[in-house]
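Engineer: Below is a structure I'd like to ask you about.
The values are calculated or read from the model by the stated rules, or taken from the named source; none is laboratory data. All figures in this text were calculated on a predicted structure; none of them were measured in a lab. Cβ atoms come from the backbone with ideal geometry, glycine included; neighbour counts cover every protein chain shown. Accessible surface is based on the protein model in full, side chains and every heavy atom, while ligands, DNA and RNA are left aside. Shrake-Rupley method; radii C 1.70, N 1.55, O 1.52, S 1.80 Å.
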Amino acid sequence: HGVLATGVTSQHCRRLGEIVAKATQACGAPHVQAFCYGTRKDEWVTAHCGPIKVHIFTREAREEYQLQLLWEDPENFFMPGDFPHFVEVYGSATNAFAYNGGHHITD
């Protein structure tokens, strides 16, 4: 799971990430290590809270990366040529799922 948030400044983003990680750690969930990636000057900070990742951007970085489109429209998020080393086998993610009569390709 993922959470997207917007901070006011890069320092604010880092502080929010630290708070989220500390709050997660304070919950005492077993087998969960919470920590925050990013410096006080980074415009994109990521807090890892077990299975949940919290991405905190400045307004400018959020507009530039538009990471929310990855969840809203994954088929159109990546552009042709983004992964020149990737060999397309099934077309899109939707086509890969629909392959073999609607069963997952690993079934």
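Engineer: Here are the criteria: (1) open to solvent by 60 Å² or more (accessible area, probe 1.4 Å); (2) within 23 Å of GLN68 (Cβ to Cβ). Tell me which single one THR24 does not satisfy.
Structural biologist: Evaluating THR24 over (1) open to solvent by 60 Å² or more (accessible area, probe 1.4 Å); (2) within 23 Å of GLN68 (Cβ to Cβ) leaves (1) as the failure.
Engineer: What number of residues within segment 1-21 satisfy the criterion of being surrounded by fewer than 19 Cβ atoms within 10 Å (Cβ to Cβ) and among the charged types (D, E, K, R)? Explain how you work it out, then say what you get.
Structural biologist: If we filter segment 1-21 for residues that are surrounded by fewer than 19 Cβ atoms within 10 Å (Cβ to Cβ), which is where we start, we get 1-6, 8-9, 11-12, 15, 18-19.
Applying the additional criterion that residues be among the charged types (D, E, K, R) yields 15, 18.
Result for segment 1-21: 2.
Engineer: Also, quick follow-up: For segment 51-82, how many residues are open to solvent by 100 Å² or more (accessible area, probe 1.4 Å) and in contact (Cβ under 8 Å) with a residue 12 or more places away in the chain?
Structural biologist: Here the count works out to 4.
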